[in-house]
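The next block holds one structure in the form of structure tokens; read it before the comments.
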Amino acid sequence: MTEAAFEEASLTVTQDGTEPGGPVAPPIVQTSLFTFSSYEEMEEAFSGRKPRPIYTRGVNPTVRMFEEKVAALEKTDDAIGTASGMAAISLAVLSIVRPGDRMVCVRHVYPDSFRFFQTTLKRMGVTTDYVDGRDIDAVREKLPGARLLYLESPTSWTFHTLDLERLAGAARAEGVVTIADNSWATPIFQNPIRLGCDLVVHSASKYISGHSDTVAGVVAGPAERIGRIRADLHPYLGAKLSPFEAWLLVRGMRTLGVRMREQERNAMVVARRLAAHPNVTRVYHPGLAEKAAPGLTGSSGLFSFELDDRVDIPAFCNALSLFQLGVSWGGHESLVIPAAVSLVQAGEHNQARFFGVPDRLVRLSIGLESPNYLWSDLDQAIERSQTSCKPDS
Ligand SMILES: *Cc1c(COP(=O)(O)O)cnc(C)c1O
């Protein structure tokens, strides 16, 4: 990201509004309801003449603090905190589609977004066309008559970066609304609303939290759209963010910028060394691309690579000691997950199989450990998991 944008974000995450009594850490307003001192005060709030918190499913000051910070970081008007990233995604999508609609979605979208589109939305009579988001002409071909273009950049598992500005422009020209999942880049490295998207969604469980202790989400965008979601949909679906988790998120966001910079640096070191390793056939990392993706000003710590067939992937995973096997990403700790387990994952609508994720692909979430230790761990694990050499004949 540019230095000026980084400096601006540093104020958003560190400075809060003033609280009575001056606590430097904000209080957690852990309450279900807010009382009124008189009938008149209650009536003023209910009539909308003097908006104020009434019930935490609607508005809560701790949640509001989180929402305002995300809106500021995404350089847009407003945001709604939600119980999870999937709650943010379903909320955003359901605010736009109606029965009989068709949506266009980029390939290699997050697995549970894919499952949501293939199950619940399909049952509601909404169909989805999946297109390679890097092929702008292919996307353009599908846009006429569609209601929604659903974007995620970079994509899950394969980290394809998309030109959000051109895609959003093409959609707008056809009257198609756009939603972008910005969990990977965070507002530190990418601002989809600035690039012309209508709504941005995040799994705040990842980098925004940064400490692997919260499941949460957020949808952000212009006042008009967010206001409508707040009035017409969010209170009834009811997947609110809890005040305690909002507080954890605000606490985590204090270091969002510095974590992103450090994880970017650590991941680049590891990715470059992997790219030079004789057993690694390919590294999928947006920061290694010859040309930077437009609108993406940095890269995070999540990427993947492919091992050649001289490496036994289960043995490789078991030989790692610093990297722990696990889903999710974006925390302080480094994690590993092989695509092979996703390819055999039980249940219908297997995203990895549907989009053809390579079976020798391994995803890493680089945490805040020194990259030298991380590299030593990967290097020894590759060495120890070599299958016995076969003659070349
Ligand atoms: C994890 C993730 C989600 C879902 O978020 P939850 O907080 O787990 O519900 C959505 N999009 C992307 C890209 C993710 O990685």
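At-a-glance table
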read-out	value
Flag for S328 being within 16 Å of the ligand (Cβ to nearest atom), open to solvent by 10 Å² or more (accessible area, probe 1.4 Å) and in contact (Cβ under 8 Å) with a residue 60 or more places away in the chain	yes
Scope the range 229-239; condition surrounded by 14 or more Cβ atoms within 10 Å (Cβ to Cβ) and more than 18 Å from the chain's Cα centre (by Cα); matching residues	I229, R230, L233, H234, P235, L237
Helices (runs of 4 or more DSSP H) within the range 11-120 that include 3 or more residues open to solvent by 50 Å² or more (accessible area, probe 1.4 Å)	39-46, 61-73
Looking only at the range 192-211, and only at residues there that are open to solvent by 10 Å² or more (accessible area, probe 1.4 Å) and in contact with a strand residue (DSSP E or B) (Cβ under 9 Å, 6 or more places away or on another chain), the one that is farthest from the ligand (Cβ to nearest atom)	G196
The range 121-171 - residue that is β-branched (V, I, T) and more than 20 Å from G196 (Cα to Cα) and, of those, most open to solvent (accessible area, probe 1.4 Å)	T127
Selection count where residues are closer than 15 Å to R230 by Cβ and within 11 Å of the ligand (Cβ to nearest atom), scope the range 93-120	0
Total residues in the range 331-344, condition without any contact (Cβ under 8 Å) to a residue 40 or more places away in the chain, assigned to a loop (DSSP other than H, G, I, E, B) and either within 16 Å of the ligand (Cβ to nearest atom) or more than 23 Å from A319 (Cβ to Cβ) (or both)	0
Members of the range 133-153 that are of a type in the set (D, E) and more than 19 Å from the chain's Cα centre (by Cα)	D135, D137, E141
Search result, residues across the range 173-184 that are touching a residue at least 60 places away in the same chain (Cβ under 8 Å) and either within 10 Å of the ligand (Cβ to nearest atom) or among the acidic types (D, E) (or both)	D181, N182, S183, W184
First in the range 83-96 and within 20 Å of F244 (Cβ to Cβ) and aliphatic (A, V, I, L, M), second anywhere and open to solvent by 20 Å² or more (accessible area, probe 1.4 Å) and away from the ligand (no atom under 11 Å from the Cβ), Cβ under 8 Å, 6 or more apart	A83/K240; A83/S242; A87/L237
Qualifying residue in the range 259-274 (condition: among the polar types (S, T, N, Q) and within 16 Å of the ligand (Cβ to nearest atom))	yes
Residues within the range 172-191 that are open to solvent by less than 20 Å² (accessible area, probe 1.4 Å), outside any loop (DSSP other than H, G, I, E, B) and not acidic (D, E), tallied	7
All positions within the range 192-243 that are out of contact with any helix residue (DSSP H, G or I) (no Cβ under 7 Å at 6 or more places or on another chain) and under 18 Å from P154 (Cα atoms)	I193, R194, V200, K206
Residue within the range 283-296 that is away from the ligand (no atom under 16 Å from the Cβ), in contact with a Gly (Cβ under 7 Å, 6 or more places away or on another chain) and over 24 Å from A83 (Cα atoms) present	no
Residue within the range 346-356 that is in contact (Cβ under 8 Å) with a residue 60 or more places away in the chain, part of a helix (DSSP H, G or I) and touching a His at 6+ places or on another chain (Cβ under 7 Å) present	yes
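Yes/no matrix, rows are residues, columns are (1) at pLDDT below 95; (2) surrounded by 15 or more Cβ atoms within 10 Å (Cβ to Cβ):
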site	(1), (2)
A293	yes, yes
S304	no, yes
D312	no, yes
V341	no, no
R360	no, yes
R363	no, yes
G367	no, yes
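The values are calculated or read from the model by the stated rules, or taken from the named source; none is laboratory data. Everything numeric in this text was worked out from a predicted model, so none of it was measured. Here the Cβ is made from the backbone with ideal geometry for all residues, glycine too, and neighbour counts use every protein chain on show. Accessible surface is based on the protein model in full, side chains and every heavy atom, while ligands, DNA and RNA are left aside. Shrake-Rupley method; radii C 1.70, N 1.55, O 1.52, S 1.80 Å.
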